[in-house]
1. Answer rounded, prolate or oblate for segment 5-300, using the Cα gyration tensor with square roots of eigenvalues a ≥ b ≥ c: rounded when a/c is under 1.5, else prolate when a/b is larger than b/c, else oblate.
2. Under a point spin-label approximation (7 Å from Cα along Cα-to-Cβ), what is the Val84-Lys293 distance to one decimal in nm?
3. Expected output is a single nm value to one decimal: the length gained when fully extending between Ala68 and Arg225, i.e. 0.36 nm times separation in residues minus the C-alpha distance. What is it?
4. Pairs Lys168/Lys297; Lys168/Lys192; Lys176/Lys295; Lys176/Lys293: which are spaced more than 32 Å apart, C-alpha to C-alpha?
5. Which shape class applies to segment 74-185: rounded if a/c is under 1.5, otherwise prolate when a/b exceeds b/c and oblate if not, where a ≥ b ≥ c are the square roots of the Cα gyration tensor eigenvalues?
6. By how many nm would the segment from Ala165 to Thr10 grow when fully extended, if each residue of separation counts as 0.36 nm and the alpha-carbon distance is taken off?
7. Karplus couplings for segment 292-297 from phi (6.51 cos²θ - 1.76 cosθ + 1.60, θ = phi - 60°), rounded to Hz, Gly and Pro as x?
8. Using a 10 Å cut-off around each Cβ, can you sort Trp267, Trp122, Trp151 from fewest to most neighbouring Cβ atoms?
Amino acid sequence: MPDTASNTSTQRSGGHAVEVHPLTAAVGAEIRGVDLTQVSDAQFAEIESAWIRHSALLFRGQQLDHGALLAFSRRFGELDPPPVNENGKKFVEGYPDIYVVSNIIGADGTPIGSLGAGEAVWHTDMSYLPEPPDASLLYSVEIPPAGGDTWLCGMIAACASLPQALRKTVAGRSIKHDGTYNSGGYLRAGLKDSDDPVHSVGTPHPIICIHPPSGKHTLYLGRRRNAWVVGLPRDESEALLDELWAHAAQPEHAFAHSWRVGDVLMWDNRTTMHRRDPFDSAARRLMYRTQIKGKLKPQRAP
Ligand code: SIN
């Protein structure tokens, strides 16, 4: 039953209402009325349909143990193993599909997770791989009193508003996505420092892709550092990337999420980028992340 004033809709599935509240016109919707440990098939169908329309979903007030986080994540597809973090740590002991994002220092004197307390710059998860994960889910367990907001950027909206001349310039082109550093600026374990985007570790992907579930066109930028527009001289590539990034990261494409404990925020890596604000390194922040395996390589839009 759509509510025209707020653009909110309520779907009654098997007796339990699923409310879909869009967060911004460009990206995201909050889903209310769902306990993620008990999602019926009918409710999941409504969630999936909102997922395809909004590219990112927020569920507040959840209580998930590792098994429940994995079970809900798996409803969206097979899970992708997380990257090795900057300290060489891979996953939660006994749960190889759960990645830890945290600044908390463990008994061995190193952080128990990735990304510290600093800013994490705009990026799309693991886009340096040939087959990046379709989606990521982030579940908040401990949050700092201030800071640490996670921002989303809607790349379908950014693609739709690309100036015609810029769209023509990038048509048919690819960006090489660098895998040397993570979004916190940390060197990935086992790799060598590199400021040479042409030869560093990474994978080229089309700049304008199709989002298979919706058929919409989306801008696929990955991360700015060490990116290269394949085939262009470095100075031309840098100028074109600066123009693309200035366009994409405009406030009208973005949404900032302020965390509460028990939030699940999930984003489609094909149609969003995200970044994180820094927070006080003396405060504690603990998040668990899962990744949904990519079903297809990023597909060039015709
Ligand atoms: C991430 O980039 O996956 C983590 C974002 C965050 O810490 O909010």
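Every number here is computed from the coordinates shown, using simple stated rules; none is lab data. Please read all numbers here as calculations on a predicted model, not as lab measurements. With ideal geometry, Cβ positions are generated from the backbone for all residues, glycine too; neighbour counts draw on all protein chains shown.
1. Oblate is the answer for segment 5-300, as a/c is 1.5 or above yet b/c matches or exceeds a/b.
2. 2.1 nm
3. Taking 0.36 nm per residue and subtracting the Cα distance, the gain is 53.0 nm.
4. Listed pairs above 32 Å: Lys168/Lys192.
5. Because a/c hits 1.5 or more and a/b exceeds b/c, segment 74-185 counts as prolate.
6. Answer, rounded to one decimal: 51.7 nm.
7. 9, 4, x, 7, 9, 5
8. Taking fewest neighbouring Cβ atoms as first place, the list is Trp151, Trp122, Trp267.
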